[in-house]
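FYI, it's all coordinate maths here, none of it is from the lab. The structure presented is a predicted model; accordingly, all values stated were derived computationally and were not measured. Note that each Cβ is placed from the backbone with ideal geometry, even for glycine, and that neighbours are counted across all protein chains shown.
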Amino acid sequence: MKYIQPIPIWNDGKIENANILNVYVIHDNLNDSATFFYSLLSGSIDAIPNLLATGNITMTPEDYAAWVDDPTLYAWISKTLNLTFI
């Protein structure tokens, strides 16, 4: 989990600010594609955060070839989801 610049999300009739991103791999063909599940949450990493939104994102072969470490992955995720890590 990583903290992100807060973004407003409608949740159960009110606007809440997502400030945490959680992401993990759900499929990796170990060749040219990987799919990630992400969730946007509000609260604190040290407590049980409130789930606000979820989804999947898939790397293109070009992005997969450039993926060499966690910082590269997080840079791709922030670009893909238009998020800013803090």
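A few points about this structure:
- One decimal place: the segment ASN82-TRP67 gains 3.6 nm when fully extended, by the rule 0.36 nm per residue minus the C-alpha distance.
- Cβ-based exposure ranking for GLU16, GLU62, in which fewest neighbours within 10 Å come first: GLU62, GLU16
- Pair LEU51, LEU30: separation of 7 Å Cα→Cβ label points (nm): 3.0 nm
- Solvent-free Debye scattering, log10 I(q)/I(0), computed from the Cα coordinates of region 2-81 at q = 0.21, 0.22 Å⁻¹: -0.95, -1.00
- Within-12-Å neighbourhood charge of TYR64 [Cβ basis; K, R +1; D, E -1]: -4
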